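> Got a structure for you, questions after.
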Amino acid sequence: MGMMRERGLPKIVFSDVDGTLVDADHHPMASSAPAFRLLAERGVPFCLVSARSPEGLYPIQEALGFSGPTVSYSGAYVLDGDGTELLSKPIALDEALRIKDYLDERLPKVCVFTYGFHTWIVNDRSDPRVAEEEYYVLAQARECRSLREAFDERGVHKFLLMGEPADIAEAQDIVHARFPKLNAVLSRPELCEIMRGDVSKSDAVRLLCSHVGVDPKDALAFGDGANDLDMLEAVGQSYAMRNGIDEVRRAATHVTRWTNVEDGVARTLEEIFSPRVR
């Protein structure tokens, strides 16, 4: 904490969501709210950076009582606090159609979630995996089999595949082999996220720093997983969660004293921004 004081307080804060800010059910904790009031009083923006859609982030902001820019789909879609689009990197519709048709034909047991802008569609809402995801992200999917109908020519920002680990590994191999400009990442053995290859959290963080007139060296970020590494390395002060993977803990400038379920982000922010240690 002394090092943080010597460097000066951060002027903007970024945080991953799942495994970082929320509890074991992927929901926000009411105990976090005072920390975000403290940031608001200090005039420090707090920005969520996640693979979730915007609709998966708004309930967190509402529950914790803050507003601000959001980074969705791991950097593919960036919005200002008023909803103004600052960055969009969608997969072209024609390519998205080819991916979806191929996966539906080749791996029919895999549940494919398709996200673009503020829309989330699924083939079959009665699939229990849809209800599971809706519970976690506090958002609702729409049943629609036509990407063209749902997204027109704007394209889609992300596919999320859910299924048995062997099927998901095969899906990842298919995407890498047949669609080399895309990136397919396993967030868990049963989950694969597909986005454009030029999407990154770090680019989104730098964009938002520029947007609010802050040097990235004066930014702080929290994360727990491999997809947070580039974001943590893009800012001057970084915190790996105590529950984070070893690679992230080694890369960050600090490690929190608490896990995500112990309210680690909020408690760390209170240590940094308030003389009263929680």
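> Can you spot a residue in region 114-134 that is in contact with a Gly (Cβ under 6 Å, 6 or more places away or on another chain), modelled with pLDDT of 95 or more and of a type in the set (A, V, I, L, M, F, W, C)?
No; the residues of region 114-134 include none that is in contact with a Gly (Cβ under 6 Å, 6 or more places away or on another chain), modelled with pLDDT of 95 or more and of a type in the set (A, V, I, L, M, F, W, C).
> Output yes when any residue across region 184-201 is part of a helix (DSSP H, G or I) and under 19 Å from the mean Cα position of the chain (by Cα), and no when none is.
So far as region 184-201 goes, yes, one or more of its residues are part of a helix (DSSP H, G or I) and under 19 Å from the mean Cα position of the chain (by Cα).
> Right, next: Can you tell which of Ala139, Ala204, Ala150 is under 30 Å from Asp246 (Cβ atoms) and among the hydrophobic types (A, V, I, L, M, F, W, C)?
Testing whether each residue is under 30 Å from Asp246 (Cβ atoms) and among the hydrophobic types (A, V, I, L, M, F, W, C) leaves just Ala204.
> If you don't mind, there's one more thing I want to ask. Go through the residues of region 1-23 one by one and say whether even a single one is modelled with pLDDT under 95 and farther than 19 Å from Pro216 by Cα.
Yes: one or more hits.
> Something else now. Please state which one of Leu161, Leu229, Leu220, Leu207 is surrounded by 14 or more Cβ atoms within 10 Å (Cβ to Cβ), on the phi < 0 side of the Ramachandran plot and not assigned by the TED database to the domain that holds Leu21.
Leu161
> So which residues in region 144-170 are among the acidic types (Asp, Glu), assigned to a helix (DSSP H, G or I) and out of contact with any helix residue (DSSP H, G or I) (no Cβ under 6 Å at 6 or more places or on another chain)?
Glu149, Asp152, Asp167, Glu170
> Give me a count of the residues in region 235-278 that are assigned to a loop (DSSP other than H, G, I, E, B) and touching a residue at least 40 places away in the same chain (Cβ under 8 Å).
Looking only at that region, the number is 9.
> Return the residue satisfying two criteria in turn: it lies in region 82-106 and is exposed (fewer than 14 other Cβ atoms within 10 Å of the Cβ) and either under 30 Å from Ser67 (Cβ atoms) or among the acidic types (Asp, Glu) (or both), and of such residues it is farthest from the chain's Cα centre (by Cα).
Glu105
The values are calculated or read from the model by the stated rules, or taken from the named source; none is laboratory data. Bear in mind the structure is a predicted one, so any value in this text is a computation, not a measurement. Here Cβ is always computed from backbone atoms with ideal geometry, including for glycine, and neighbour counts include all displayed protein chains.
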